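Working notes, beginning with the structure itself.
Rule-based calculations on the coordinates, nothing more; no lab input. A quick note: this is a predicted structure, and the numbers were derived from the prediction, not measured. Cβ placement follows ideal geometry from the backbone for every residue including glycine, while neighbour counts extend to all protein chains displayed.
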Amino acid sequence: MEKKSPDAVSASRRDALVRGVALAAGAGVVVATLLKSKVARADTGDATLLNALLSAEWAAIAAYTAGGQYLASPSNSDPMASSAPTVLAVAQHFAQQHQDHATQLSAAVSAAGGTPVAQSSVTFTPPQGWTASVLNVLKLAANAEKAASIAYTDTLKQISAATAAQLIASIGGDETQHFTILSLIILGVAAPTADTLSMATDVVPRSFTASPAAGAEGLETVPDFTYA
């Protein structure tokens, strides 16, 4: 059997990771088409990895937008219809943070010598068998946030630039926070009431766990709790 060179092995692992990130974006959200585009084939190394994550962010925004349309006008027969306004507010809060992620990732792709994948290239495709309901929108978002947090951790092992690594780590932590809040609502630990929105904005007040760049605030800007 012919042995591959270390560079070839590294490239193979990187390509597999990029495909995994794109598929992770599709798990519970949308089938990302980044790797089929001419832009993706032109990018290499860090730019390709960052572009895959950027595609996942566009996918998350597309999913939250689609879910928000239902939450704005839920079916009267939906058992959680009364909770829809609160869930919508949480979704909008998280979607704005994904927009902040996309802004920083776009800049990182350009800095790495690539061309940022366009938001218009990613659209929402509901998973097979999925039907619209408040609970299913929550589950759709939670599945996507979980997949994203895993993808960011996996990508962190492959990225080479220190500044890009900090950005990836800062966004991945935020995605995990999103997953935690959504899971608490789905599991009934936190009721979807007006207090839930306060919980989301208080527990996930920033789009990044640490400020990755100028104008992008992390949790270090949030005051510590004081002791009574």
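Multiplying the residue separation of L219 and S110 by 0.36 nm and removing their Cα-Cα distance gives an extension gain of 36.7 nm. 3J(HN,Hα) couplings calculated from phi for the range 107-120 with the Karplus curve 6.51 cos²θ - 1.76 cosθ + 1.60 (θ = phi - 60°) are, in sequence order, 5, 5, 4, 4, 5, 8, x, x, 10, x, 5, 6, 4, 5 Hz; Gly and Pro show x. Here each label is just a point 7 Å from Cα along the line to Cβ, and for D202 and A118 those points are 4.4 nm apart.
Listing I171, I150 from the residue with the fewest other Cβ atoms within 10 Å to the one with the most, what is the order?
I150, I171
For T115, the amide hydrogen comes within under 5 Å of no other amide hydrogen, counting only partners 5 or more places away or on other chains and with H modelled in the peptide plane. Inter-label distance, S160 to Q96: 3.8 nm, where each label sits 7 Å from its Cα along the C-beta direction.
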